[in-house]
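The values are calculated or read from the model by the stated rules, or taken from the named source; none is laboratory data. In this text, all values refer to a predicted model and were calculated from it rather than measured experimentally. Reconstructed Cβ throughout: ideal geometry from the backbone, glycine too, with neighbour counts over all protein chains shown. For the accessible areas, the whole protein counts, side chains as well, though only heavy atoms, and no ligand, DNA or RNA atoms are used. Shrake-Rupley method; radii C 1.70, N 1.55, O 1.52, S 1.80 Å.
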Amino acid sequence: MALFYNNSILVVRSLFLLAVFKNSGADSSEGLTKSDPNDIMAGSGVAKQLFACNFEVFGKVQGVFFRKYTEQTAKSLGVYGWCMNTRDGTVKGQLEAPLAELNEMKHWLQTKGSPSSKISKAEFTPAQEIEAYTFSTFDIRR
């Protein structure tokens with residue numbers, strides 16, 4: 001009997017809270033929008049500014065899975081673009097992302113890289129604002 005009573009109280013409390021939230025105008029779907037990199041920032045009504053830059057990373061960056069780790073990091077940050085080995089022993093590419101993600105990716109390219117890489121320097125062109133993404137993902141070019 002006590003179990004039935006405790007469950008009844010729990011049900012009544014839950015229904016009460018649902019009624020209170022419904023009457024206060026709180027709706028779980030209100031103000032939420034789908035996150036789309038070409039769209040607006042969720043709930044802000046402000047268009048997301050996109051930026052692009054080119055990069056080249058120097059040091060021991062070939063034969064150490066640098067491009068693979070670059071691709072994984074870019075995809076985890078939502079950065080679009082590409083990277084490739086050069087004949088000079090560097091890795092170069094392009095990045096496209098909102099400024100915060102772009103800067104995080106640049107920092108990663110300058111300081112982290114793949115576990116076996118040894119980065120001596122990384123060069124970047126100035127970030128330029130772009131209207132929309134020109135890439136749909138981040139790829140390794142060969």
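Structure notes:
- Filtering Glu71, Glu56 for residues that are open to solvent by less than 70 Å² (accessible area, probe 1.4 Å) and within 13 Å of the chain's Cα centre (by Cα) leaves a single hit, Glu71.
- Subset of region 74-109 [surrounded by fewer than 16 Cβ atoms within 10 Å (Cβ to Cβ), hydroxyl-bearing (Ser, Thr, Tyr) and over 18 Å from the mean Cα position of the chain (by Cα)]: Thr86
- Check on Phe58, in a strand (DSSP E or B), modelled with pLDDT of 95 or more and in contact with a helix residue (DSSP H, G or I) (Cβ under 8 Å, 6 or more places away or on another chain): no
- Test: residue in region 89-100 that is in contact with a Gly (Cβ under 8 Å, 6 or more places away or on another chain), polar (S, T, N, Q) and under 12 Å from Thr137 (Cα atoms): yes
- Of everything listed in (1) open to solvent by 70 Å² or more (accessible area, probe 1.4 Å); (2) modelled with pLDDT of 95 or more; (3) not β-branched (Val, Ile, Thr), the single unmet condition for Asn38 is (2).
- Test: residue in region 84-101 that is in contact with a helix residue (DSSP H, G or I) (Cβ under 7 Å, 6 or more places away or on another chain) and part of a helix (DSSP H, G or I): yes
- Within region 110-127, not a single residue is open to solvent by less than 50 Å² (accessible area, probe 1.4 Å), charged (D, E, K, R) and either touching a residue at least 60 places away in the same chain (Cβ under 8 Å) or not in a helix (DSSP H, G or I) (or both).
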